[in-house]
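Below is one structure, written out as structure tokens; comments come after it.
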Amino acid sequence: MKPIKSQTGIGKWLPRKFDDVKAAGTLQFTDDLRFGPELLHAAVVRSPIAHGEILSIDFSQALEVAGVVKVLVGEDFPHHFGLYLQDRTPMAIGRVRYVGEPVALVVAQEENIAREAAKKVQVQYRELEAVFDPVKAATHSGVLVHPELHTYNHVDFVLPQPHTNIGNWFKIRKGNPEEAFENAAHVFEEVVTCPQIAHGFLETHCSICQQDIASGEITIWTSSQSAFTVRDIIAKGIGFPLHKIRVIAPPIGGGFGGKAGMTIEALGLAAAMHPDIRGRPVKLFIPREEDMLTSWVRQGYVARIRMALDEQHRITGIHNTFWFDTGVSAEYGANPVRSAGYTSMGSYNIPNVWSDCYAVYTNKPFGGAYRGFGLPELMSALEVVVDIVSHRLGISPVEFRKKNMMRKGDTTCTGMPMHDHGLQAIIDRVAKDIAVEKKEPALRPGWKRGKGIALAIKAPAMPADASSSAIVKLNGDGTVEVLAATMDMGQGTYTAYAQMVSEELSIPYEKIQVSFPDTKSHPYDWQTVASRSCWSMGMAVKRAAVDVRNQLLALFSEFWQTPVDTITLEYGTVMCRKLGKTSAIDEKVQNGFKMPDGMLKGGPIIGRGSFIPPDIVYPDPDTGQSPKSVVHFTLGAVGMDLEVDPTTGAIAINRVSSGYDVGKAITPANLRGQIEGGTLQGISACLMEGLAYDEKGKLLTPDFTDYKIATTLDTPGEIISFWEEVPEELSPYGNRGVGEHSMIAPAPAINNAVFNATGSRIHSYPLSRERVFKALKAQRNGENDFVEWPYALDVAFKKAKKKWD
Amino acid sequence: MHDFLLERPDTLRAAHDLLQRYGTKAMLKAGGTDLLIWIKRGVVLPECLVDLSLIPLLQELSLSEAEMCIGAGVSVARFLSAEAISTHFPALVDACNSHSDPLVRNRATVVGNVCSAVPSGDLIAPLFAYDTQLEIHGPTGSRSCGIDEFITGPRKTTLQPGEIVTCLHVPLPKPPSSGSYQKAMRREALDIAQAGVCCVFSGKAQDPVVRKVRLTFSAVSAKPVRALKAEHILEQANQLDESMLQEVAILARQAVAPITDVRASSEYRLDMVAELTRRAVRACFAERGEA
Amino acid sequence: MPGKKEVWCTVNGKKTRLLAAGNTTLLQALRDIGVTSVKRGCEEGECGACTVILDGLPQKSCIVLAQEVEGATILTSEGLVQNGTLHPIQQAFIDEGAIQCGFCTPGMVLSTWALLQSNPNPTDEQIKQALSGNLCRCTGYAGIQRAVKKSAKLLAPKLQGGDSQ
């Protein structure tokens, strides 16, 4: 008989935690928090030029505005911050590096006063030449964005190249690629480009910082995915001990990686720590039109991929060169470069791999974490190249992928053996859902219909020291509190944790509460990123719940004088069927069991659990090889059935099928949500998103007027979301992450379907209406391949492709 | 955003008095959906906003046998809900449905779209095509003015200090009429036009002598223009045929002068003008059963 | 500029005093009195996170001036909760996976409410049109579409009966 019985354990469809207060609108986000009249407000003064020396900052007029308390400049807070590389200061010091960079902070009694006064700060600059093109910046630019790069602290697995614009260089050297290309039956080389894109969360960044005048302790309320990482990065940056910084993370309105790490907190902290302000809380709310200028966006890229194949159409070698445009900072952007690099085989079994992935500095807003973390970038290029190759060889794109995909035991590009997975079944399902081989007439008169598929793959991209811990408290009324510092930003992790605890303790889900992170009360978790939480924190939560259960059973065993294995937990009740005894979980667990000898024993039951991935070996810095570079991979695929309007370039998606091998579905409602949401986010990125600049580096798409994201009217006719479950060995319940994966394949799947529909191959994202229209126009002039990269104006693009070694 | 005084007069007289008092420091506000954003962005910095929404006279929306009167305070949504407008003014209905989104339409006004005079204003081209006359009240009396006399450039009108556009007079097109507004955007909803084309036919069916055609545009010229040569061809045409359509499309391209900006290049805008002209013209013929 | 003015209106059924300068938006004024379901998403009329029902019509409160709502009736999503029970639309959103981060949810719920008031049995296309001014980045809109359809089913008898909610 099963010793733990629960109706609300893993795998169930349940009403999600906090959905009720979200529906009512009473859940408080950071901007909703109330402080008293002592609250001060900060507004940012920004650079109008892309690169220059700051000659002077005159804020005398701003100080004269009634209600203004202080104006700070870069020198007032000269600390460097960064997760992997400390190349960021909250305000510019001596030099500005992008249009919009903060150069001063105005602090006032009211937000409107601060904003109006910010317009009165006068800054003089000496303009310097700027560089915007990442390929140019990487290969032959006289402009150095970070001349002091060699002085920045960094982790040892990030390799900045001093006296260049390369903030990180990740290499894969597996096998003998040169030989593979020499002996190849077929060699193909293609280029794909993609601009930076923005997260587009509905809630912008917001933080409130306060420093106690007596103890010096800092409290930060902030919209963040990673309360502990905010704490740690700030501690390192300002030289404070960890226990003197408290970070409270209210629910956030979307993260997608844009609120991972430390984003804007140091900027508000600069004001809160100033001797003239200290003691008062300072709120920094970033308005929509400034958000892309204050925190990171997704890196743009230029990719060149060469592929070698044998006569049997097996991929024998691949040579990847990716220039990731990381703007002015690689503090976080150094890592998506790695993540793409150590997965640069894609989903394929390729014995010989040469990859160079560069994080390149340019004078633009900076890149960092974004859902998919290097894999949407890699796969939106690689899956297009795979499709091109399959067509050139005259094989079905589905068969080509199935022939070359990695199976259990094949090695990745780092030499790590791939585990078992359900990709084949997913490909077959996706292919069937859109009837990929079937040529069907367009539903819209005059439009052209096409189908395409693309694969997705990603491992959690995290350092070997990304640890998790959790505390589970059993209350005297049989309810449970879980302290797990994951940020539930809507992906539903608190629901999943409650189900896990219910699975281990039998207690009904409604009686289990999970609370939002506070570094003072919660134990440490690295970050809510990398699709790691249900897996990594799940291990910790499960261990903590099991710890509670063991203590509970031990106490009841003594209380009832019966062996532990005769006791069962059933729907929140403790039972010993052998002895006919039952008990609710009640005050005894809090205030002690009166044992047969008359003594009180027990005391409150607290469970704890910790987890750290046990056997990660960092890839070798020269070869990228490692027997276990990542914990595991989640694989999947997307199929698109779409139509193209040749008269305008518009694309309409009839149906998309999107599936992933998640190992085990803990909370099916969450999975459905993540797949539906990420798929549309990927579609939106492909069809309409990209940061655009004028020739002086000014961002032309700072807000929703011109940075367009998908609305209800831009949704596909139908979206099918599904999953396979090939269990993960090291995992709380066999589950793997999936939060990011649905973002990876929609763009290349669309690209491949557009080719199938029209015969035009567009090598540059986004596939906006204008671009598709132009591509079709070019096609009528015999050009079937269309490339547009706005920065390659002075380096002729086609020539440049050959000269980038 | 910059601070200002909000005045809410309840008569036209009171509104005029306020304009007199504040002179060029005052701006008129109907829905305010453009204006508030301009103030927020620092494009304009009025000291006083004169809100027209409490003046009953300006809330009029009426349809007679001769014309439709749209008061300055009538929202786009309210206009769309009026009876019979889809029969008489289908192009304006198209344009209103493509304007912003259902929420903003509950606030933005038809007259406001004209007075904002933004080249991409969706309602301007159809109102122009329907020969709309603005009724303008000033300190010295009232005057009447056509759309193309009123708008002289991007965000520039001939509205003089102290003047208020009180309503639009849109004559009913001579039946059988047909009309279409076609818009090119970057996505399906809530976007500023990359290009817009409006075509209106009125007068006797299949009688080229009395058929009147208007072909006007959004987002592709600094001020409202008509494609006169194209109109002429359409007025003469006996029926719809492809070569006539191509010629009309080419003439439409020649009538406009779009710019390149982050929303679209001038080349794409010209191509869309051609394509949307074909669509608008086909729709006009089809509606009259002449396809 | 003179200081803030008193503006008397009805918010969620209660007579309410807002304090507003000329340039105070309805969004700010509501948030100042603790009605925080209306959110600052863009403050330029693009995202819909600030949606309210103003005199029966769904509007973006970031482009409404607070001084303009003298005497008006305002409904926000808090006002749809009756005696601790969520409105059927709110419940449908929970049931159909229409909520993830929750930031767009109050605005979506109100736009749904407004749609079903005027069109109790909307088609899929009409639903998309009605909600096209409310952005969501998390759900892909699929759950929201399901929730609106479910809401229509749940409310159909009530709406035909002429109830105000």
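The values are calculated or read from the model by the stated rules, or taken from the named source; none is laboratory data. Given the structure is predicted, the values throughout are model-derived calculations rather than measurements. Please note: Cβ atoms are built from the backbone with ideal geometry, for glycine as well, and neighbour counts cover all protein chains shown.
Here is a check on your reading of the model: is B:Gly112 in a helix (DSSP H, G or I), crowded, with 23+ Cβ neighbours inside 10 Å, of a type outside the set (A, V, I, L, M) and in contact (Cβ under 8 Å) with a residue 60 or more places away in the chain?
When the stated conditions are applied, B:Gly112 passes them.
Pull up region B:95-109, narrow it to residues that are in contact with a Lys or Arg (Cβ under 8 Å, 6 or more places away or on another chain) and in a helix (DSSP H, G or I), then point me to the one that is nearest to the other protein chains (Cβ to nearest Cβ).
Here the answer is B:Leu103.
I'd like the residue in region C:123-141 that is away from chain B (no Cβ under 12 Å) and part of a loop (DSSP other than H, G, I, E, B) and, out of all such residues, is surrounded by the most Cβ atoms within 10 Å (Cβ to Cβ).
Looking at residues that are away from chain B (no Cβ under 12 Å) and part of a loop (DSSP other than H, G, I, E, B), I get C:Gly140.
Which strands (runs of 3 or more DSSP E) sit wholly inside region C:8-82 and have at least 3 residues that are touching a Cys at 6+ places or on another chain (Cβ under 9 Å)?
C:14-20
Among the listed residues A:Leu687, A:Leu713, which satisfies the condition of being within 14 Å of chain C (Cβ to nearest Cβ), surrounded by fewer than 20 Cβ atoms within 10 Å (Cβ to Cβ) and assigned to a helix (DSSP H, G or I)?
Result of the check over A:Leu687, A:Leu713: A:Leu713.
Mind checking which residues of region B:247-269 are within 13 Å of chain A (Cβ to nearest Cβ) and either touching a residue at least 60 places away in the same chain (Cβ under 8 Å) or over 24 Å from A:Lys708 (Cβ atoms) (or both)?
Scanning region B:247-269 gives B:Ala249, B:Pro258, B:Arg263, B:Ala264, B:Tyr268, B:Arg269.
Considering each residue of region B:233-246, count those that are without any contact (Cβ under 8 Å) to a residue 40 or more places away in the chain and either acidic (Asp, Glu) or in contact with a strand residue (DSSP E or B) (Cβ under 8 Å, 6 or more places away or on another chain) (or both), and give that number.
Pass one, region B:233-246, residues without any contact (Cβ under 8 Å) to a residue 40 or more places away in the chain: B:233, B:235-238, B:241-246.
Those still in the list that are either acidic (Asp, Glu) or in contact with a strand residue (DSSP E or B) (Cβ under 8 Å, 6 or more places away or on another chain) (or both) too: B:235, B:241-242.
Matching residues across region B:233-246 total 3.
Condition (residue is touching an Asp or Glu at 6+ places or on another chain (Cβ under 6 Å), surrounded by 22 or more Cβ atoms within 10 Å (Cβ to Cβ) and more than 14 Å from chain A (Cβ to nearest Cβ)) applied to region B:184-193: is it met by at least one residue?
Scanning region B:184-193, I find no residue that is touching an Asp or Glu at 6+ places or on another chain (Cβ under 6 Å), surrounded by 22 or more Cβ atoms within 10 Å (Cβ to Cβ) and more than 14 Å from chain A (Cβ to nearest Cβ), so the answer is no.
Do we have any residue at all in region A:623-640 that's under 17 Å from the mean Cα position of the chain (by Cα), assigned by TED's automatic domain parsing to the domain that holds A:Tyr370 and aromatic (Phe, Trp, Tyr)?
Yes: region A:623-640 contains one or more residues that are under 17 Å from the mean Cα position of the chain (by Cα), assigned by TED's automatic domain parsing to the domain that holds A:Tyr370 and aromatic (Phe, Trp, Tyr).
Which ones in region C:72-117 are in contact with a helix residue (DSSP H, G or I) (Cβ under 9 Å, 6 or more places away or on another chain) and of a type in the set (Ser, Thr, Tyr)?
C:Thr76, C:Ser77, C:Thr85, C:Thr105, C:Ser111, C:Thr112
In the list A:Arg543, A:Arg532, which residue meets the criterion of being surrounded by 24 or more Cβ atoms within 10 Å (Cβ to Cβ) and under 37 Å from the mean Cα position of the chain (by Cα)?
A:Arg532
With the condition kept exactly as written, say whether any residue in region C:39-50 is of a type in the set (D, E, K, R), touching an Asp or Glu at 6+ places or on another chain (Cβ under 8 Å) and more than 13 Å from chain A (Cβ to nearest Cβ).
Scanning region C:39-50 turns up no residue that is of a type in the set (D, E, K, R), touching an Asp or Glu at 6+ places or on another chain (Cβ under 8 Å) and more than 13 Å from chain A (Cβ to nearest Cβ).
Checking the condition surrounded by 16 or more Cβ atoms within 10 Å (Cβ to Cβ), farther than 30 Å from A:Leu269 by Cα, of a type in the set (A, V, I, L, M, F, W, C) and more than 14 Å from chain C (Cβ to nearest Cβ), which residue from A:Ile4, A:Ile49 passes?
The conditions single out A:Ile4.
Going through region C:142-153 one residue at a time, which ones are under 20 Å from A:Pro15 (Cβ atoms) and more than 14 Å from chain B (Cβ to nearest Cβ)?
Hits for region C:142-153 are C:Ala142, C:Gly143, C:Ile144, C:Gln145, C:Arg146, C:Ala147, C:Lys149, C:Lys150, C:Ser151, C:Lys153.
Looking only at region A:329-384, count how many residues are closer than 21 Å to A:His150 by Cα and part of a strand (DSSP E or B).
Residues that pass the stated criteria total 6.
May I ask you to list the residues in region A:709-735 that are in contact with a Gly (Cβ under 9 Å, 6 or more places away or on another chain) and farther than 30 Å from A:Pro766 by Cα?
A:Glu724, A:Glu725, A:Val726, A:Pro727, A:Glu728, A:Ser731, A:Pro732, A:Tyr733, A:Gly734, A:Asn735
State whether one or more residues within region A:515-524 are farther than 30 Å from A:Pro241 by Cα and not polar (S, T, N, Q).
no
Answer yes if at least one residue in region C:52-64 is hydroxyl-bearing (Ser, Thr, Tyr) and either over 25 Å from A:Phe704 (Cα atoms) or over 13 Å from the mean Cα position of the chain (by Cα) (or both), and no otherwise. Write out each step before concluding.
Restricting attention to region C:52-64, the residues satisfying the condition of being hydroxyl-bearing (Ser, Thr, Tyr) are C:61.
Restricting the remaining residues to those that are either over 25 Å from A:Phe704 (Cα atoms) or over 13 Å from the mean Cα position of the chain (by Cα) (or both) gives none.
Taking every residue of region C:52-64 in turn, none turns out to be hydroxyl-bearing (Ser, Thr, Tyr) and either over 25 Å from A:Phe704 (Cα atoms) or over 13 Å from the mean Cα position of the chain (by Cα) (or both).
Kindly state which strands (runs of 3 or more DSSP E) lie completely within region A:178-229 and contain at least 2 residues that are farther than 20 Å from A:Leu267 by Cβ.
A:186-194
Any chance region C:91-98 includes a residue that's away from chain A (no Cβ under 11 Å) and either under 13 Å from the mean Cα position of the chain (by Cα) or part of a helix (DSSP H, G or I) (or both)?
no
Mind listing whichever residues of region C:115-132 are in contact with a Ser or Thr (Cβ under 8 Å, 6 or more places away or on another chain) and hydrophobic (A, V, I, L, M, F, W, C)?
Matches in region C:115-132: C:Leu116, C:Ile127, C:Ala130, C:Leu131.
If you go through region A:606-643, how many residues are out of contact with any Gly (no Cβ under 7 Å at 6 or more places or on another chain) and closer than 30 Å to A:Ala435 by Cα? Let's see the steps before the verdict.
Going residue by residue through region A:606-643, those that are out of contact with any Gly (no Cβ under 7 Å at 6 or more places or on another chain) are A:606-623, A:628-633, A:635, A:638-639, A:641, A:643.
Pick out the ones that are also closer than 30 Å to A:Ala435 by Cα and you get A:633, A:635, A:638-639, A:641, A:643.
Within region A:606-643, residues that are out of contact with any Gly (no Cβ under 7 Å at 6 or more places or on another chain) and closer than 30 Å to A:Ala435 by Cα number 6.
For (1) touching a Leu at 6+ places or on another chain (Cβ under 8 Å); (2) buried (at least 24 other Cβ atoms within 10 Å of the Cβ); (3) of a type in the set (Val, Ile, Thr); (4) within 14 Å of another protein chain (Cβ to nearest Cβ), each residue gets a yes or a no:
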{"site": "A:Ser226", "(1), (2), (3), (4)": "no, yes, no, no"}
{"site": "A:Asp232", "(1), (2), (3), (4)": "yes, no, no, no"}
{"site": "A:Lys236", "(1), (2), (3), (4)": "no, no, no, no"}
{"site": "A:Gly239", "(1), (2), (3), (4)": "no, no, no, no"}
{"site": "A:Arg246", "(1), (2), (3), (4)": "no, no, no, no"}
{"site": "A:Ile252", "(1), (2), (3), (4)": "no, yes, yes, yes"}
{"site": "A:Phe256", "(1), (2), (3), (4)": "no, yes, no, yes"}
{"site": "A:Gly261", "(1), (2), (3), (4)": "yes, yes, no, no"}
{"site": "A:Ile264", "(1), (2), (3), (4)": "yes, yes, yes, no"}
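Identify, by number, the condition in (1) charged (D, E, K, R); (2) without any contact (Cβ under 8 Å) to a residue 60 or more places away in the chain; (3) closer than 20 Å to A:Gly649 by Cα that B:Arg279 doesn't meet.
(2) is the only condition that B:Arg279 fails.
Could you tell me which of the residues A:His154, A:His163, A:His186, A:His150 is within 24 Å of the chain's Cα centre (by Cα) and either under 24 Å from A:Val297 (Cα atoms) or surrounded by fewer than 19 Cβ atoms within 10 Å (Cβ to Cβ) (or both)?
A:His154
Being within 11 Å of chain C (Cβ to nearest Cβ) and among the polar types (S, T, N, Q) is the filter here; which residues of region B:1-45 pass it?
B:Thr33
Determine which single condition A:Lys708 fails, assuming it passes every other condition in (1) facing chain C (nearest Cβ under 10 Å); (2) surrounded by fewer than 22 Cβ atoms within 10 Å (Cβ to Cβ); (3) in a loop (DSSP other than H, G, I, E, B).
(2)
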